[in-house]
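Q: Have a look at this one before I ask anything.
Read-outs: derived from the displayed coordinates by stated rules, not from any lab. Not measured: the values here are computed from a predicted model. Positions of Cβ are generated from backbone atoms using ideal geometry, with glycine treated the same way; all protein chains shown enter the neighbour counts.
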Amino acid sequence: ISEAQDAATAAITAEERAILGKYTGWGGLSEAFNSWKRFGDSYKKVSDYFINQDDYEIAQNSVHTAYYTPLFINKQLWEIAQLCGFKGGKILEGSAGTGAILSVMPSKYKSSSSIQAVEIDNLSSKILKYLYPGAQVEQKGFEKTIIRNESVDLAITNVPFATNYKVYDPVDKDLSSAFSSLHDFCIAKNIRKLKQGGIGIFLTS
């Protein structure tokens with residue numbers, strides 16, 4: 001995906017949308033980033049794919065956390081939202097990937113909701129922008145994302161799993177210092193951003 005395309009977020013065909021939607025990230029593919037392991041050919045293909053070192057390092061760091069959620073589970077998340085009485089409003093997806101959870105959002109919410117979607121991986125966030133041009137997509141870590149407290153009606157996400165992996169949040173400093181596990185921090189920050197009576201639905205280990 002070129003930078004020109006990224007800036008335009010032009011309309012894409014249904015066929016292109018289906019192809020982009022198949023991308024599932026680098027989770028579990030750590031050996032593809034290690035030249036000394038038996039997947040040497042895969043390493044060469046992966047390393048040649050990336051244009052700059054920053055994108056390569058982001059992808060390499062995501063192999064422990066980028067596990068995108070199966071669709072049948074995502075559908076159940078939305079069933080929970082409906083059972084909890086969600087009627088629409090501001091939706092926060094703080095670890096969006098390419099939008100697997102958003103892809104099965106019931107149509108009745110589309111006209112009554114706004115979406116803020118956060119994804120740290122550069123490639124995934126570009127795909128996210130194409131698939132959901134109406135969403136506010138931010139390519140950064142959740143800890144670097146500024147979200148007003150008590151502004152979210154529904155926080156729904158598969159939080160990144162990483163034990164003993166601390167982050168620094170310049171705004172919610174107390175949360176990033178309190179939790180040593182990334183998934184615990186993400187849940188706490190999501191909850192802080194919920195309105196009174198807001199709904200938080202999280203997948204975690």
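Q: Take the alpha-carbon centre of segment 81-141, take the same for segment 164-205, and report the distance between them in whole Å.
A: One Cα centre to the other: 18 Å.
Q: Amide H of LEU203 versus every other amide H placed in the peptide plane: which residues, excluding those fewer than 5 positions away on the same chain, fall under 5 Å?
A: THR157, ASN158, VAL159
Q: Follow-up question, since we're still on this one. Return the sequence-ordered ³J(HN,Hα) values of segment 189-198 in whole Hz as given by the Karplus equation 6.51 cos²θ - 1.76 cosθ + 1.60 applied to θ = phi - 60°, using x for Gly and Pro.
A: Values, residue by residue: 5, 4, 4, 4, 7, 6, 5, 4, x, x Hz.
Q: When only DSSP loop residues count, what trypsin sites (Lys or Arg not before Pro) in segment 120-182 have their Cβ near at most 15 other Cβ atoms within 10 Å? Could the numbers behind the result be given before it?
A: Working: sites: LYS126, LYS129, LYS140, LYS144, ARG148, LYS166, LYS173; in loops: LYS140, ARG148, LYS166.
Listed in order of number, the matching sites are LYS140, ARG148, LYS166.
Q: May I ask you to derive the FRET efficiency for LYS166 and GLN76 from their Cβ-Cβ distance with R0 = 35 Å, giving the value to the nearest 0.05?
A: The calculated FRET efficiency here is 0.70.
Q: A further question follows. So, R0 is 35 Å and r is the distance between the beta-carbons of GLU150 and ARG17; what FRET efficiency does that work out to, to 0.05? Write down the numbers at each step before the final one.
A: Numbers: r = 35 Å, r/R0 = 0.99.
Using R0 = 35 Å, I get an efficiency of 0.50.
Q: So if each residue of separation counts as 0.36 nm, and I subtract the Cα-Cα distance between SER114 and LYS195, what length gain in nm does that give? Numbers along the way, then the final one.
A: Values: separation 81, 0.36 × 81 = 29.16 nm, distance 1.47 nm.
Result: 27.7 nm gained on full extension.
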